[in-house]
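Quick note: the coordinates plus some simple rules give every number you see, no bench work behind them. Bear in mind the structure is a predicted one, so any value in this text is a computation, not a measurement. For neighbour counting, all protein chains shown are included, and Cβ atoms are generated from backbone atoms with ideal geometry for every residue, glycine included.
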């Protein structure tokens, strides 16, 4: 609210009392693009925390984060110009320690009163958990925003997650990049202060080339608008990213089909001459990180389309795409209708908007041609040497200093993958393909292409295997043995690929974890969490009847026992189940449902999903809640009795009609339920068991389990133990929580 409007209609709160918009901007040299978004969010959060800690925020205050290659900024609404007055309380000594036996103040009380500037008699008394104590209260006048803001900003900057700091000039200041300007404004007023030796002001810089001169910000709330209109800068990272994506879609939609593209079989395909109509997911597909990176490199994005010689399409598309994405930050154009083919076109995000972009486009085309020429050279050179001939040279490539070379690893993979294939009942011919794929799968580590682009491991091995005349099964197994490479990635597409992928991940987990390189916090340099999730997904989604514990033992057996820790199998079993829990939550299962199944200690993960689905179906039955409560009661009774009895139920000791009916119905159901569970029909088994609700209720209503007669009591405990075991065949329903009725 302006001073002019405050004069109308009586007294109104001033901006200092009611709060106004605060702007803090730091002008720097080009910030690291991959860290920009994280730095901006951390800076804004730290500034807001500092303002709140100093009682300078209203309850309804909000923040807006800004980040461009040359600035970090935060806009906070509802920031007070002065702290509210507040009562400060200081706690003194206990009353019992405040006076001596003669009634005179002790040294402790006198010293406390003197430090407060008052007489001991004016101190208040308060009671707490540990007795009565003296208290001094004083009213502290609120301090202005300018008294604290610079310190809040400097402290926030020093807290940022920066790996390496720089110094510049002759000063001792350190930051991720040299800092050249500071804006601190509260409404239309500059908040005086110094940060990193810079005096605050209301002047910022626009686009390096498209803006003319410095920009004066008239009001903190007009920051983004001023930069956009007068400075050719989109200050919001999110807005800039959204605009880039929109412009990429539009540019891709104008590219026509009348272009030669490479089909899946390696031949050139001609499409009719009308617009491709690229969907957004096709333009941006697999390029989310690149989109974030280019948004962190430009302030005023413009999109231009370039092209390259179609002859380069003889190189595998992943090689071309990575050359464009990683080296040049271009967006390649791939279309699903082209059977995985690529257009000899690309889109570039520029920081210069011009009506005559010819020189920009031609310059980028010239640079890309050199990159693609390198890729083609690497590809052609690599194909001159067979994968088979590269394998012995893996002896010179260290896998891990305690685990030997990549060749030793290959030998382990051949045995482990072949064993997995055998356990899955694959024919001998298919098992031979698995072992052959394992033999060749790491050979591409020695190729020029993988040396240039490590991300192409597996892809290039598959391509070179096809060129060498290996079978399609071997080629696909090599291609898929790293899968899934990331969250949401596809699983290996063939049985041979599944065997090799499992072997590769098991070997990595057992080896790396077994030598003590366990993930801690956010540090997981060998990607063990990703490898574990990959194993979980393959076993669950491919419904493989493999025992996880046996697989881990098998993998451990191929290592030197003196190198791998003894407890690695048990530790990894728990580690894998911890990866399984969030995966199942993402599938829509509730935590108590997951606990009810995983608490059974399953080692066959292919049974997890069917059991959870059965549990969800059971939970919808009207009998479910009562039976879950009954099972809780049974587990408590058995626990108090020392875990229940292993003996069989003796019919002659069943004296009460309610326990006789329960035993009779359990007896008639037992074989049927066990057969259903044995065949994986968990849903049907739980539905059958739901029919026991009436007799279970009657049992607990009419029968005293802990009878005085020891034989009768033990017999009833055995009956409950058998009932509990029937349910545990599917899930521990005692873990289910009562769901609130809406």
Scaled radius of gyration (Cα, divided by 2.2 N^0.38 Å) that segment 344-428 gives: 1.95
Extension gain, residue 609 back to residue 542 (0.36 nm per residue minus Cα-Cα distance, nm): 23.0 nm
Added length on full extension, which subtracts the Cα-Cα distance from 0.36 nm per residue, residue 367 to residue 138: 75.4 nm
Calculated SAXS-style log₁₀ I(q)/I(0) at q = 0.08, 0.13, 0.17 Å⁻¹ - segment 84-240, Debye, Cα scatterers: -0.50, -0.78, -1.04
Cα-Cα P(r), segment 519-614, percent of pairs per 10 Å interval: 14, 47, 31, 8, 0
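Provide the packing ranking of 37-43, 105-111, i.e. peptides ordered by the mean count of other C-beta atoms within 10 Å per residue, highest first. Provide the component values of the computation, followed by the final result.
Numbers: 37-43: 19.0, 105-111: 15.0.
Going by the mean number of other Cβ atoms within 10 Å, highest first, we get 37-43, 105-111.
Determine the gain in length on full extension of the stretch residue 626-residue 380; use 0.36 nm per residue of separation and subtract their C-alpha separation, reporting nm with one decimal.
Between residue 626 and residue 380, full extension yields 81.6 nm more.
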Estimated inter-spin distance, residue 166 and residue 709, nm [label 7 Å along Cα→Cβ]: 8.9 nm
Cα-only radius of gyration and Dmax that characterise segment 125-166, units Å: 19.9, 54
Packing-based ranking, highest mean first, of 152-161, 92-101, 408-417 given that Cβ atoms within 10 Å are counted: 408-417, 152-161, 92-101
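Tell me, what is the percent relative contact order of the chain, built from C-alpha pairs under 8 Å that lie six or more residues apart? Let's see the in-between values first.
Values: 1181 pairs, mean separation 52.1, N = 742.
Once normalised by length, the contact order is 7 percent.
From the helices alone, meaning DSSP H stretches of at least four residues, give me the mean residue ellipticity at 222 nm for the chain, per-run term -39500 (n - 2.57), in deg cm²/dmol to the nearest 500. If you can, show how the numbers build up before the last one.
Values: 28 runs with 327 residues, N = 742.
Taking each H run of at least 4 residues, the total per residue is -13500 deg cm²/dmol.
Express the C-alpha Rg of the chain as a ratio against the empirical globular expectation 2.2 N^0.38 Å, rounded to two decimals.
Details: Rg = 35.4 Å, N = 742, 2.2 N^0.38 = 27.1 Å.
In units of the globular-protein estimate, the chain measures up at 1.31.
What FRET efficiency, computed as 1/(1 + (r/R0)^6) with R0 = 30 Å and r the Cβ-Cβ distance, is obtained for residue 585 and residue 690, rounded to the nearest 0.05? Write out the running numbers ahead of the final one.
Numbers: r = 26 Å, r/R0 = 0.86.
According to the calculation, E is roughly 0.70.
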Semi-axes of the equivalent ellipsoid for segment 607-735, Cα gyration tensor, largest first, Å: 25, 14, 14
Dimensions (Å) - segment 385-539, Cα atoms, principal axes, largest first: 45, 35, 27
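Could you work out the relative contact order of segment 607-735, using alpha carbon pairs under 8 angstrom and six or more residues apart, expressed as a whole percent? All intermediate terms of the calculation are to be shown ahead of the outcome.
Values: 126 pairs, mean separation 58.7, N = 129.
Contact order relative to length: 45 percent.
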Protection-proxy order for peptides 676-684, 453-461, each taking the mean of Cβ atoms within 10 Å per residue, highest first: 453-461, 676-684
Inter-label distance for residue 216 and residue 617, nm, one decimal - labels placed 7 Å from Cα along Cα-to-Cβ: 7.5 nm
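Rounded to whole Å and sorted largest first, what semi-axes of the equivalent ellipsoid does the C-alpha gyration tensor of segment 86-140 yield via the square root of 5 times each eigenvalue? Write out the running numbers ahead of the final one.
Details: eigenvalues 70, 40, 11 Å².
Working through the eigenvalues yields semi-axes of 19, 14, 7 Å.
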Inter-label distance for residue 355 and residue 102, nm, one decimal - labels placed 7 Å from Cα along Cα-to-Cβ: 9.9 nm
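Compactness ratio of segment 435-502: Cα Rg over 2.2 N^0.38 Å, N = residue count? All intermediate terms of the calculation are to be shown ahead of the outcome.
Details: Rg = 11.1 Å, N = 68, 2.2 N^0.38 = 10.9 Å.
Expressed relative to 2.2 N^0.38 Å, the Cα Rg reads 1.02.
In which sequence would 672, 129 go, from the one with the fewest C-beta neighbours within 10 Å to the one with the most?
On the way: 672 12, 129 4.
Lowest to highest Cβ neighbour count: 129, 672.
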Range of Cα positions in segment 159-237 per principal axis (Å), largest first: 35, 28, 24
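Given a Förster distance of 35 Å, report the FRET efficiency between residue 563 and residue 429 from their Cβ-Cβ distance, rounded to the nearest 0.05.
Working: r = 35 Å, r/R0 = 0.99.
After rounding, the FRET efficiency stands at 0.50.
Starting from the coordinates of the alpha-carbon atoms of segment 690-742, obtain the Kirkwood hydrodynamic radius over all distinct pairs and give the value in Å to one decimal. Before the final figure, lay out the partial values.
Numbers: mean 1/r = 0.0773 Å⁻¹.
Radius from the Kirkwood sum: 12.9 Å.
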Calculated FRET value between residue 309 and residue 400, using beta carbons and R₀ = 41 Å, to 0.05: 0.45
